[in-house]
Amino acid sequence: MNEKANNQAPQIRLVEVGPRDGLQNESEPVSVDDKVTLINLLSEAGLRTIESGSFVAPRWVPQMANTDAVFRDIDRHDGVTYTALVPNLKGLEGAVASQVEEIAVFLAVSDAFSQKNINCTMAESITRVQPVVSAALEKGIKVRGYLSCVLGCPYAGEINPSTVASMSKQLIDMGCYEVSLGDTIGVGTSAAAYNLVKQVADVISVSQIAVHFHDTYGQALANIHAVLPLGVTVIDTAVAGLGGCPYAKGATGNVATEDVVYMLHGMQLNTGIDMQRLLDANRFISKRLGRPGSSRTANALLSAQEH
């Protein structure tokens, strides 16, 4: 890679969601020590935003029951933001007690998915989220917004981009600094992703837009590549392609951090991420889960190193 060209290239920020969005769907418990080790390895690899857990009721997401212990034990690196998903004011209390400096709230752009996920309509979910955002901002905690099912819902089918744009603006207006557009079931194609981001960028700044593509149909990298020319510089990824969605049958993991880094570095774009250290994180969590990850890049590079 041309070092001079790389230094002048735009900076892309990857938001690593593996420790939360990736692990939450695992059926076997992942220990606090393993989560802490994974997060520490990701920090050492150069990830600067790491979603490290969620403060949700354990009966709904058992895998996240020990998030407070994870935040207690991680090695917090300077310049790294360790975030947590927070669904309500009680969850915010847990985040404050754990000295979380940034939280994420979530909404769905489909009434059907919202009912399945959090047992309320879209309108009701906005009403629930508003006090959480306000209370967090009062405490000096930054807030990021997630929108689920932006390119398709497992129950309602196609989603109108204008609905996504409207809800994105509502999240920004209530105080979120950024909105992550989530293709929860991974049905989006590059043309649909481009059109969606273009419409959302008509109502909020493109600098406030992140993309979060699942790779169910193998389209995630193509979708990311399609929206980069629009000015998107924030991408959600998960080490080893971890993840899924308990409320969307058949949805596979997030786009793999390793695959995105490989593509971006090949495009002479800066990520600040050390691929070899990222492979260390991949190797660790894959061994703990007892299976190889879904990252083609990682599997190819690790196989080459072994031989």
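For the stretch 51-178, the share of DSSP beta bridges that are antiparallel, to the nearest 5, is 5%. Return the single residue from ARG48, ARG76, ARG291 with maximal mean-square fluctuation; model: Gaussian network over the chain, springs between Cα atoms under 10 Å. Sorting by GNM fluctuation, first place goes to ARG291.
A simple spin-label model places pseudo-atoms 7 Å from Cα toward Cβ; at GLU44 and MET267 they are separated by 3.0 nm.
In this structure, the amide hydrogen of VAL203, modeled 1.01 Å from its nitrogen in the peptide plane, lies closer than 5 angstrom to no residue at least 5 positions away or on a different chain. With a Förster radius of 45 Å applied to the C-beta separation of GLU124 and GLN305, the computed FRET efficiency comes to 0.35. Distance between the 7 Å Cα→Cβ label points at ASP75 and ALA57: 3.8 nm. Taken one residue at a time, the phi angles of the stretch 89-96 give Karplus couplings (6.51, -1.76, 1.60, θ = phi - 60°) of 5, 5, x, 4, 4, x, 5, 5 Hz. Gly and Pro are set to x. Note on SER43, SER166: ascending count of other Cβ atoms within 10 Å places them as SER166, SER43, the fewest first. For the options GLY18, GLY266, GLY182, a Gaussian network treatment of the chain with springs between C-alpha atoms closer than 10 Å singles out GLY266 as fluctuating the most.
Per-residue Cβ neighbour counts within 10 Å put HIS212, HIS77 in the sequence HIS77, HIS212, beginning with the fewest. Karplus-based coupling profile of the stretch 15-31, in residue order and whole Hz: 9, 7, 10, x, x, 10, 5, x, 7, 4, 9, 6, 6, 8, x, 9, 5, with θ = phi - 60° in 6.51 cos²θ - 1.76 cosθ + 1.60 and x standing for Gly or Pro. What residues of the stretch 257-285 lie in the reach of a label at GLN11, counting those whose backbone N is under 18 Å from a point 7 Å from the Cα along Cα→Cβ? Residues 261, 264-265, 268-275 fall inside that zone. Each residue of the stretch 45-52 is assigned a 3J(HN,Hα), and the resulting list reads 7, x, 5, 10, 9, 10, 7, 9 Hz, derived from the Karplus form 6.51 cos²θ - 1.76 cosθ + 1.60 (θ = phi - 60°), x at Gly and Pro. Note on the chain: GNM, Cα springs under 10 Å; of ARG288, ARG59, ARG13, the largest mean-square fluctuation is that of ARG59. In this structure, the amide hydrogen of VAL15, modeled 1.01 Å from its nitrogen in the peptide plane, lies closer than 5 angstrom to those of ILE235, ASP236, THR237, counting only residues at least 5 positions away or on a different chain. Take every DSSP beta bridge whose two residues both sit in the chain; close to 5 percent of them are antiparallel. Quote the FRET efficiency, to the nearest 0.05, computed for ASP173 versus LYS287 with a Förster distance R0 of 41 Å and r equal to the Cβ-Cβ distance. Taking R0 as 41 Å, the efficiency between ASP173 and LYS287 is 0.35.
Values quoted throughout were computed directly from the atomic coordinates according to the rules given, and no laboratory measurement underlies them. Everything quoted here is computed from the prediction, not taken from an experiment. Cβ coordinates were reconstructed from backbone atoms using ideal geometry, including for glycine residues, and neighbour counts include every protein chain displayed.
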